[in-house]
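Engineer: Can you keep this structure in mind? I'll have questions shortly.
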Amino acid sequence: MTVSVDLDNRPSLSFYLSVGLVAGSIIALQIGIMRVFSVGSWAHFGSLVVSLAMFGFGLTSAVMCVGKGWFERHWEGAVKGALLAFGPLMVVCNLAAQQVPFNAIFLISDPMQKWRLLANFVLYFMPFLAGALYLGVVFLKAQKTFNRVYFADLVGSGLCGLSVLLAMYFFKPDDLIMAPLLLWLAGGVLWFVAMGDRRGIAVIVGVAVLSAAVHYAAPPLLGIPKLSVSDYKGVSYARKFPDAQRTYERASPFGYLEVYSSSYLHFAPGQSDNAAFNVKKMPENAYLGLYIDSEGPAGVIKDLPADETPYFRYLPMFYPYLLKKDPNTFVVQFGGGISTAVALKSGSRHVTVAEGNPALLTAFREDRGLRAFTGDVLNNPKVTVIDYDGRLYVAGTKNRYDIIDLSLADSAGLSSPGGFSIVEKYSYTREAMSAYMRALTPGGILSVTLWNKEEPPKSVLKLYATMVAAARDVDGGKDVAQKFYVVSSYLSTATVLYKRDGFTPQEVAELNAHTKAMSFDEIYYPGLKVDTSDLKQILSDYHDQFFFTGEQADPTGPSEKEPNDKPPPGAPGAPTEAKADGTPPTAKVPATVLGRLAWHYLINGGWQKEVADNYVFDTRILTNHQPYFAAYIKVGDLLKFTDRLELVQDEWGYLLLWATLGIATIFALTLVLLPVIFGWRTIFSRYPGKAGTMLYFLCLGLGYIIVEVGMISHFILALSNATVSASVLITGMLVFSGCGSFFSERYLDRARTFMPKVFLAIFAILALYAFTIDYALDWIGTLPYALRIALCMLLLFPPAFLMGFPMPTAMTTLGRLGKDHMFLWAWGINGCFSVIGAALVPIVATSFGLPAVVLVGAFAYLIALPAFFSVLMPLQPQATGVGRPSAA
Amino acid sequence: MKRRTFVSGTAALAAAGFGSPAVAASIKPYSWDLNPPTDTRENFIAWGKARGEDSVFLGQRWDRFQALLKNKDVWGAATIRAFLLTPREEFASISAAIHKRAYEHAFLDIGYGVTMSGPHIQGRMTNVIDVKRGEKVLEIGTGSGVQSAYIANLTENAYTIEIIAPLAARTRALYDKLIDKGYTEYKHIKTKAADGYYGWEQAAPFDKIIVTCGIDHVPPPLLQQLKAGGLMVIPVGPPGAQRVLKVAKTQGADGSITTSREDIYGGKIVPFVPFTKLDGDKIAGTHNR
C-alpha cells in the first residue's frame, strides 16, 4: 500500500538516496551510450546523440509546465510510471538502436542513413525522457527544499559517474548498460521504500530481472548483436581474416583493448618504396594488431632476429640513428612499440619510453603472450618505462637525451571513417615541443614523424609551424635555420628533425644521401634553395580545388584559366620536363612544393602573411591552449562547404560540432519557448521578471557545463588521459557543487545580499583559472598519480563549490514565492542551455582556445548576477497582473 | 515517378536476379570490335538495347559518362569504351537500394566493410594507368568487381585478388553469372581469394597494378612484381575524399631501380567542378547531394 508523503517536509534518507541513484543512473547511461558509440561506430556521434537525448529534460519541463495541475494531482503515479519505464527502456532502446546502426561515412551519400540516425536519436531519447520525468516530478514536489534534493541529485550523479568508470573494468562495452540498470534498480527500490510501497519494490525487482534477461538472452535467441560494430571499424577487418585470433582482450576506463594475430597484418609505417628492391628479407608474421575501442590497428612488433631488422633503415623514424651512434634515447609514446623496437635495434645504449595509457602498459607488462612476442620489451634491462605522458616527464626531468622520438604513435593511420576526432594532442603542442628540445643533449636530435596523407596538406603544415615556433622559444631562438632537416613522402609520412646545436654540412650531406636512397622528398635543410614564384599559383589552385567559380574548363580547347590545358598524364602529349642539369624529371607534387615553400617562409619570415592567410585551410600552431590537429576549415568558409561536404570528409568531426550546435539551439529555443507560447498570457501572466529569470537560468545552464567540459580538456594536461580527466571533473564538479547546494540553504534568507558576492567570486576565480591554471596543471602533472588527482580535486573545489549555490538558491526561491510554473520552466531552460553549452565548448576551444572557454563560463556567471534580482521578484497580486506581460 | 520508368526499373531489378538461378545468355557476347556510339544519348541507348541491356540504366550510364567527360575523369577512347560497355548496375546488385544507385557519384556500401568506389575516381584511375591490350594488370581488392570489369575491356589479362574470402566468392559467382549471360569479356579476369600483400607471383610481372585497400606502406612484393616502367595507383584517404597516389618504377641505364611518387594529375591541382545529379533518367540540379 502507498502512504501519503510530503516531500517538502523532511523526506526520509531513502528518498534522497533514490534521487541520487536515479540521477546517477542517468549520468551512467550517458557515459554508457558514449562508450557504445566509441566501440561500435564513431565517438562523435555518441556525444551528439547523448547531447540531444538530454533534451528529455527540456521536453519534460515544457510538458510539466503546461500541464502542472495534472502532474500535481497524479504525481505519485507519474513518478512510479517513469521509474518503472526507465530501466526497461534503457535496455530495449539500446538493443533496438543496435539493430539500426548508421554509418557516418555514408551519411551524405546514402539517403537511408539520415533515417537511421533519426531512429538512433529517438530510441536513445526515450529512456532519458523517463528519467527526466522522474526527476521533474520529484523536483516539483520538493521545490521548497530544492537545495537538498539538488544536493542529492548532484552528489549522486557525481559518485555514480565515478562508479560507472569503475564498472568499465567489470563490464565489456556491450554489457556496460548493466551499470545504469543496477543504479536504477537501487534508486527505484529506495523510492518504493521511501513511499512505503512494498508491492512497488516487488514490481521493480521483477522488471529489473526481466530487463537484464532481455539484454542477455534476446540477442543470442534472436541472432541479433548486443553491440553492433561497424564493418568499417579497424577491428572488423581483422575479425574477417581467416586466420585471425584474438590473443588479448581487456576492458577498462582506458579503452576496450584487443590484440589480434593474423598473417594478414602487415606494418611498416611510412616505409620507403625502395625497400622492395634492397631489403633481402622482410619479416613475415611479425606483427600483432592492437585495437583500442575497435580502432586501429597499431602494430605490435615481434622481437625480430638480426637478419630481419635491416628494413628498419627504410622507415622514416630511422633518421636520427643515421647521425647518432650509441645514443641515450627517449621515446615519447610507446603505442604498439615500433619506435622502441627501432631504438633498441638501432644501437641505443638505453631507451626511456613513456606511455600515458595504463591499460597498454598492463597488457605489455603482464600478458604472457604479448611478453613472449615482444621479447618482454618493457622489462628489457636497457629500457626504462615512464608510466605517464612523455611530455610531462620530459618537462620535469633533469635527464638529457641524444635522441627524442615522437613517431606515428597513434595508429597505423589508415583511413578512419569520419575523419579527425577533435581530441587534445598535448604531445604535439609548442610547449611540448620546446620541452623536448630543451631535454636534448647539446648535439641531440628531436625526431617527429607524422602521417602526411592529406591532399591538400593540413596536419603537417600545423606541425611545421608549431616546431619552428617552439624552436624560437629554445636557446634564445638563435640559428633556427641551421637546426632543421625535413623530409616527406607523398601521401605517406613527413619527418622533422631538430638538432639542438644545428646540422653541420657533412651531416646534411649524409642525410641527403639517405633521403635520395629512400626516394623521399627533401622539404627543408640548411641552404636549400626554394623558388618562391610558385607560391601564389599553388595557393590559388588549392583554393580553386574547393571553390572554383569560373567557367568549367573545356577539355577540348584552351581556356582562359588554363591556356593550352595540359592533358592529364598518361594521355597523349603529357609533358615530361627534364631538369636543366639533365637529371630525370622529379615528380611534381604540389603538396611537396607547398611544404618547401612553407619552410622557406617559416624560417625566413612571412609565413602568416604570405602563406597561412592565403591558404584554403587553417594552419595555426598547436599550443596548450589549442591542442588540436583538427578544425582546419576556417570559420568564415563554413557555409561555403555545405553543398560540397564530400570534399572534406575528414572534417566531418569538426563540422558535426557546428551541426550539433545548430540542432541544439533550435531544439532548445523551441522547448524553452513552448510554455511561453502556450501560457504567456495565462500561466506566466502573474509572474514578473520573466525575461530576467530566463536569462538567469540560461546563464547558469551555459556557464556550468562550459566550465565543466572546458576543464576536462584543461585537466588532461595534468592527468594525461581524457577518460580519467572526465571522471575526475564530473565527480569533482558535481560532488562539490552538491555540497555548495547543501550549504546554500543557510544563506537563503540573505540571498539578496549574499548571492552577488558568490557570483563575483565565481567570476574572479574562473577568470584567474582561465589564464593561470595551465601552469599549475603542468606542475601537478609531474607528481605521482594519486597526488595529481588529489591536487586536481583541490583546484576544482573553490569554483565548483560556489557554482553549486546559484541554481538551488534561485529554484528554492521560485518555489517559496509560489512561482511553480516558472520553477519548472527554469529547470528546463537550465537543461536546454546545458546542451547548447556542451556543444559550444569544442567550437570555442578550437576557434579561440581553452582559456576563452573558461572565460565564457566566467562571464555567464557575471551576467547572471543582475538577472538574479528578477528571480527574487515576488508574485504580483492576480488582479493587477492579468493579461499584461511584465518586463524584467 | 512515370509509369514507364517504374516498369522498366522493375524489369531491371528483376533482371539483376536477386536470388534467382543462373540466367540464360541474353546479352550479345563481347568482341574487341564492339564499339558503342559516343555521339548522342539516343544512339547509345539504342545500341545498348540491341546488345540486350536495360534502357534506364543505359541512360544513366550515358549521363554519368557526360559528367565524367566534363570533369576530365575519362579522356582516352579505350577508357571511354570500357566505361560505356560496363554494366555498373550488375556490380551494384547487392540490394535493391544499392542497385538503383549504381551510376550515382557516390561510393556504395557493398557489405563486409567494403565500398564500391564512385564512377569518377574509377574512371580516373582506369584512364591514368592507360592499359594497352595484352598488358597484364593486377588489382588488389576485388570488392564489387567493377574495377576489373573495366580492365577486362582493355586487356585479356586482368588479375584480381580479394582478401575477404566470402566477398571474393560472391564476386567470382557474379562474374560467372555475367559470363553466362553473355558478358564474355569477364573471361579476361582471373580471380583469387588471398592476401593481396604478396601479389600474384605466378602471373608476375605486371604492367600495371591497382591497389584499393588501406595500407601504411606500399607492399614490397607488389613493387617487385611491377615491371620496370610500370605504374601503380593507390587511392589514399577516406572513401569519398580519396586522393590517388601514383607510383612509377623506373630502371636506370645502370640497372638501378628507383620509384617515384606522383600526384595523379602530375602536379596539376584540379579545380572543384560541381557534378550533375542524375534523377532517374533526368539530369537535375548542379550537384549531387
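The values are calculated or read from the model by the stated rules, or taken from the named source; none is laboratory data. All figures in this text were calculated on a predicted structure; none of them were measured in a lab. Cβ coordinates were reconstructed from backbone atoms using ideal geometry, including for glycine residues, and neighbour counts include every protein chain displayed.
Engineer: Within the range B:234-284, restricting attention to residues that are modelled with pLDDT of 80 or more and small (Gly, Ala, Ser), which residue is surrounded by the fewest Cβ atoms within 10 Å (Cβ to Cβ)? Before the answer, list the steps.
Structural biologist: The first filter runs over the range B:234-284 and keeps only residues modelled with pLDDT of 80 or more, leaving B:234-235, B:244-262.
Remaining after also requiring small (Gly, Ala, Ser): B:248, B:252-253, B:255-256, B:260.
Values: B:Ala248: 18, B:Gly252: 10, B:Ala253: 5, B:Gly255: 7, B:Ser256: 10, B:Ser260: 18.
The qualifying residue surrounded by the fewest Cβ atoms within 10 Å (Cβ to Cβ) is B:Ala253.
Engineer: I've got another one for you. Can you go through A:Asp243, A:Asp231 and tell me which one is in a loop (DSSP other than H, G, I, E, B), more than 7 Å from every other protein chain (Cβ to nearest Cβ) and either in contact with an Asp or Glu (Cβ under 6 Å, 6 or more places away or on another chain) or surrounded by fewer than 22 Cβ atoms within 10 Å (Cβ to Cβ) (or both)?
Structural biologist: A:Asp243
Table: residues versus (1) modelled with pLDDT under 85; (2) of a type in the set (S, T, N, Q).
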position	(1), (2)
A:Ile683	yes, no
A:Met733	no, no
A:Ser741	no, yes
A:Ile780	no, no
A:Pro784	yes, no
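Engineer: From (1) over 30 Å from A:Ala509 (Cβ atoms); (2) away from every other protein chain (no Cβ under 14 Å); (3) of a type in the set (D, E, K, R), pick out the condition that doesn't hold for A:Asp326.
Structural biologist: Failing condition for A:Asp326: (1).
Engineer: Now for a different question. Quick check: anything in the range B:54-72 of a type outside the set (Ser, Thr, Tyr), without any contact (Cβ under 8 Å) to a residue 24 or more places away in the chain, surrounded by 19 or more Cβ atoms within 10 Å (Cβ to Cβ) and farther than 28 Å from B:Ile264 by Cα?
Structural biologist: yes
Engineer: Taking interchain pairs and intrachain pairs at least six residues apart, which have beta carbon atoms under 6 angstrom, with the first residue in the range A:258-282 and part of a loop (DSSP other than H, G, I, E, B) and the second of a type in the set (Gly, Ala, Ser) and surrounded by 24 or more Cβ atoms within 10 Å (Cβ to Cβ)?
Structural biologist: Filtered contacts from the range A:258-282: A:Leu265/A:Gly289; A:Phe267/A:Gly299; A:Gly270/A:Ser492.
Engineer: Which of the residues belonging to the range B:252-266 are in a strand (DSSP E or B) and either of a type in the set (Val, Ile, Thr) or touching a Ser or Thr at 6+ places or on another chain (Cβ under 8 Å) (or both)?
Structural biologist: B:Ile257, B:Thr258, B:Thr259, B:Ser260, B:Arg261, listed by residue number.
Engineer: On the given criteria, is A:Leu695 assigned to a helix (DSSP H, G or I), free of Cβ contacts under 8 Å to residues at least 60 places away in the same chain and aliphatic (A, V, I, L, M)?
Structural biologist: It is false that A:Leu695 is assigned to a helix (DSSP H, G or I), free of Cβ contacts under 8 Å to residues at least 60 places away in the same chain and aliphatic (A, V, I, L, M).
Engineer: Suppose we keep only residues that are away from every other protein chain (no Cβ under 14 Å) and either in a strand (DSSP E or B) or touching a Phe, Trp or Tyr at 6+ places or on another chain (Cβ under 9 Å) (or both) within the range B:121-136. Which one would you say is surrounded by the fewest Cβ atoms within 10 Å (Cβ to Cβ)?
Structural biologist: B:Arg133
Engineer: Just the residues that are within 7 Å of chain A (Cβ to nearest Cβ) and either without any contact (Cβ under 8 Å) to a residue 60 or more places away in the chain or among the acidic types (Asp, Glu) (or both), please, taken from the range B:220-258.
Structural biologist: Residues satisfying the conditions are B:Pro220, B:Leu223, B:Gln224, B:Val236, B:Gly237, B:Pro238, B:Ala241, B:Arg243, B:Leu245, B:Val247, B:Ile257, B:Thr258.
Engineer: Test each condition in (1) in a helix (DSSP H, G or I); (2) in contact with a Gly (Cβ under 6 Å, 6 or more places away or on another chain) for A:Thr782 and report the one that comes out false.
Structural biologist: Here A:Thr782 clears every test but (1).
Engineer: Next up: If you go through the range A:704-715 one residue at a time, do you hit one that is over 27 Å from A:Ala432 (Cα atoms), in the same structural domain as A:Asp820 (by TED's automatic domain parsing) and out of contact with any strand residue (DSSP E or B) (no Cβ under 9 Å at 6 or more places or on another chain)?
Structural biologist: yes
Engineer: May I ask you to say which residue of A:Leu159, A:Leu166, A:Leu107 is under 26 Å from the mean Cα position of the chain (by Cα) and within 14 Å of chain B (Cβ to nearest Cβ)? Give the steps one after another, and end with the answer.
Structural biologist: Details: A:Leu159 fails: within 14 Å of chain B (Cβ to nearest Cβ); A:Leu166 fails: within 14 Å of chain B (Cβ to nearest Cβ).
Going through A:Leu159, A:Leu166, A:Leu107 in turn, just one is under 26 Å from the mean Cα position of the chain (by Cα) and within 14 Å of chain B (Cβ to nearest Cβ): A:Leu107.
Engineer: If only one of B:Ala106, B:Ala46, B:Ala102 is on the phi < 0 side of the Ramachandran plot, of a type in the set (Gly, Ala, Ser) and either free of Cβ contacts under 8 Å to residues at least 12 places away in the same chain or not in a loop (DSSP other than H, G, I, E, B) (or both), which one is it? Break it down stepwise before answering.
Structural biologist: Numbers: B:Ala106 fails: either free of Cβ contacts under 8 Å to residues at least 12 places away in the same chain or not in a loop (DSSP other than H, G, I, E, B) (or both); B:Ala102 fails: either free of Cβ contacts under 8 Å to residues at least 12 places away in the same chain or not in a loop (DSSP other than H, G, I, E, B) (or both).
Residue meeting the stated conditions: B:Ala46.
Engineer: Which members of the range A:481-514 meet the condition of being closer than 19 Å to A:Trp451 by Cβ and not in a strand (DSSP E or B)?
Structural biologist: Residues satisfying the conditions are A:Ser489, A:Tyr490, A:Leu491.
Engineer: A follow-up question, please. For the range A:211-225, give me each residue that is under 32 Å from the mean Cα position of the chain (by Cα) and more than 17 Å from A:Leu182 (Cβ to Cβ).
Structural biologist: If the condition is that a residue be under 32 Å from the mean Cα position of the chain (by Cα) and more than 17 Å from A:Leu182 (Cβ to Cβ), then A:Pro219, A:Ile224, A:Pro225 are the ones that fit.
Engineer: Here are B:Ala193, B:Ala158, B:Ala168: which of them is hydrophobic (A, V, I, L, M, F, W, C), more than 14 Å from every other protein chain (Cβ to nearest Cβ) and free of Cβ contacts under 8 Å to residues at least 40 places away in the same chain? So that I can check it myself, show each step before the final result.
Structural biologist: On the way: B:Ala193 fails: more than 14 Å from every other protein chain (Cβ to nearest Cβ); B:Ala168 fails: more than 14 Å from every other protein chain (Cβ to nearest Cβ).
Exactly one residue qualifies, and that residue is B:Ala158.
Engineer: Restricting to the range A:771-804, name every residue that is farther than 23 Å from A:Pro358 by Cβ, surrounded by 21 or more Cβ atoms within 10 Å (Cβ to Cβ) and touching a His at 6+ places or on another chain (Cβ under 9 Å).
Structural biologist: A:Ile773 - this is the single residue of the range A:771-804 that is farther than 23 Å from A:Pro358 by Cβ, surrounded by 21 or more Cβ atoms within 10 Å (Cβ to Cβ) and touching a His at 6+ places or on another chain (Cβ under 9 Å).
Engineer: Related question: Just the residues that are in contact with a strand residue (DSSP E or B) (Cβ under 6 Å, 6 or more places away or on another chain), farther than 30 Å from A:Ala96 by Cβ and of a type in the set (Phe, Trp, Tyr), please, taken from the range A:227-284.
Structural biologist: A:Tyr248, A:Phe267, A:Phe277
Engineer: Quick check: is even one residue across the range A:207-227 within 14 Å of chain B (Cβ to nearest Cβ), without any contact (Cβ under 8 Å) to a residue 40 or more places away in the chain and part of a helix (DSSP H, G or I)?
Structural biologist: Taking every residue of the range A:207-227 in turn, none turns out to be within 14 Å of chain B (Cβ to nearest Cβ), without any contact (Cβ under 8 Å) to a residue 40 or more places away in the chain and part of a helix (DSSP H, G or I).
Engineer: If I go through the range B:150-164 residue by residue, how many of them are under 17 Å from B:Ala193 (Cα atoms) and among the hydrophobic types (A, V, I, L, M, F, W, C)?
Structural biologist: Counting residues in the range B:150-164 that are under 17 Å from B:Ala193 (Cα atoms) and among the hydrophobic types (A, V, I, L, M, F, W, C) gives 4.
Engineer: Go through the range A:283-299 and give me each residue that's part of a loop (DSSP other than H, G, I, E, B) and within 13 Å of chain B (Cβ to nearest Cβ).
Structural biologist: A:Pro283, A:Glu284, A:Asn285, A:Ala286, A:Ser294
Engineer: Still on this structure: I want to confirm something. Restricting to the range B:201-218 and keeping residues that are closer than 30 Å to A:Ile105 by Cα and more than 7 Å from chain A (Cβ to nearest Cβ), which single residue is farthest from the chain's Cα centre (by Cα)?
Structural biologist: B:Ile215
Engineer: Could you run through the range A:642-681 and say how many residues are closer than 25 Å to A:Thr846 by Cα, in contact with a helix residue (DSSP H, G or I) (Cβ under 7 Å, 6 or more places away or on another chain) and of a type in the set (Gly, Ala, Ser)?
Structural biologist: Counting residues in the range A:642-681 that are closer than 25 Å to A:Thr846 by Cα, in contact with a helix residue (DSSP H, G or I) (Cβ under 7 Å, 6 or more places away or on another chain) and of a type in the set (Gly, Ala, Ser) gives 3.
Engineer: Considering only the range A:376-399, how many residues are in a loop (DSSP other than H, G, I, E, B), in contact (Cβ under 8 Å) with a residue 12 or more places away in the chain and within 26 Å of A:Ile780 (Cα to Cα)?
Structural biologist: Residues meeting the conditions: 5.
Engineer: I need a count of the residues in the range A:636-677 that are within 14 Å of another protein chain (Cβ to nearest Cβ) and within 21 Å of A:Asn830 (Cα to Cα).
Structural biologist: Going through the range A:636-677 one residue at a time, the tally reaches 0.
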